[in-house]
Amino acid sequence: MKKNLLFVFTMLCALSFFTACSDDDNKKNEPEGAVLLKGTQTYSADKLSLKYGDSPLLGKAITFATEDGKTGTIKMEGVFDPSIIKDLLPSKTEQMVALAPGVVPGEVTTMFNVDLTQEGNKYTFEGTNSNNGREMKYAGTVDSTSMTLAVNVTMPKNDLLGTWNLAPIVPGEGAEANKSQPMTMSWVSSTPIKIDWNWIMPDIPAGTVAEMPVDNIVNLLGSLYASPALAGALESITFQADGNIVASYKSKGQTEWQTSPINLAQYYIKDNKMYIQLNIDNIIATVKANKSTKASTKAGLVDIIGEFASLLSNGVPMNYAIKGEAATVSVDQTLLLPLLSLLSNETIVTLLLPNIPADYQTAASEVLKQLPEIIKNTTEMNVSLHLVKK
């Protein structure tokens, strides 16, 4: 009897063992649940809530991809949505190239891997990504309809960090040039500017022409007009650690200095140059505010913006030098000559002339006609902004 009981007990244990193994095998062969958001999704416009340094950053797109629901890849880049300027374009079908810089200054695209935590029908993720000396902390959520993402970036240290005031205007003695001023300009060309004094002073007989070196006129304009105008509109510039540029400024008619919002302009240092990146959405919003712009002019603006797209995505290259408590930021003829060539563009002239006082429009129009030859024979050109450490 005992042998029978022992046999039965042994058989039961064996059956239990094989049943357990069979259950495990069945579980291994059972298909896993579907991975949430498996594949690639792209979020932009109203499907994306992106913050850079706790403030909204527009004109960007985030591509999210996962295959296993445990890890994912995020790609951040700038985009240009033609619908935001549909009122400026000749037709709603008009298309334009991408013009926006990326999310992180100096990176047209930024890619990084994230660890995912599933919470219901969405994923959450957070972490730190480092690249080329900068550190980016990120946190976000993503589901099938939208993504929220906040990034806080610390860029590599540079000598421009901090707040800089405009250099003061210090007049020279007698006929001497100013000893100090916030802006200086130079333009050397073997072709002089021809000015008919009748354009400016109608009492002088037409044909009273004077030839003047371009550099003389530019220096005069810089001292008498450009520097005073700049000093009245801009108090200081702050280069932040996250790559933002913040200005203390006054708009026309205001008496108090204001601080510009962040994420309008950003900067980064590369190969001993400073690159300024502009948020294209803000640029387009400014153009859009000009309700009187004609359709033909709109089309011309599209072509012009497209021609200089790389400056908007990669940034505007500038030279800079720091000596003690003084800094100089400048652009030279490499950038300025192509931009000045735009003044020969009919679209630009159409926009420019109405903003010039009526008494000077004839002179301006005649000078603009001379620009192609002056530009052709230019050997030196420079515009510099002079700053003093606050």
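The values are calculated or read from the model by the stated rules, or taken from the named source; none is laboratory data. All values derive from a computational prediction rather than experimental measurement. Positions of Cβ are backbone-derived with ideal geometry, glycine not excepted, and every protein chain shown enters the neighbour counts. To get the accessible areas, we keep the full protein, side chains included, count just its heavy atoms, and leave off ligands, DNA and RNA. Shrake-Rupley method; radii C 1.70, N 1.55, O 1.52, S 1.80 Å.
Of the cross-linked pairs LYS51/LYS137; LYS179/LYS252; LYS60/LYS122; LYS75/LYS137, those separated by over 18 Å at the C-alpha level are LYS179/LYS252; LYS60/LYS122. Each peptide in 48-59, 151-162 gets a packing score, the mean of other Cβ atoms within 10 Å over its residues, and the list from highest to lowest is 48-59, 151-162. Scaling against 2.2 N^0.38 Å puts the C-alpha radius of gyration of the stretch 202-270 at 1.74. Rolling a 1.4 angstrom probe over the stretch 345-390 with all protein chains present gives an accessible area of which 55% lies on carbon and sulfur atoms. Taking the Cα centre of the stretch 102-143 as origin and assigning +1 to Lys and Arg Cβ atoms and -1 to Asp and Glu Cβ atoms, the resulting dipole is close to 100 debye. Label sites at ALA45 and ASP143, each approximated as a point 7 angstrom past Cα along Cα to Cβ, lie 2.1 nm apart.
What the Kirkwood sum gives for the stretch 135-206 is a hydrodynamic radius of 19.7 Å, with every pair of different alpha carbons counted. Once the Cα-Cα distance is subtracted from the 0.36 nm per residue extended length, the LYS194 to THR379 segment shows a gain of 64.7 nm.
Each other residue within a Cβ distance under 13 Å of GLN258 adds +1 if Lys or Arg and -1 if Asp or Glu, for a net charge of 0. In the full protein context, the stretch 159-199 carries 52 Å² of accessible surface per residue, based on a 1.4 Å probe and ignoring ligands, DNA and RNA.
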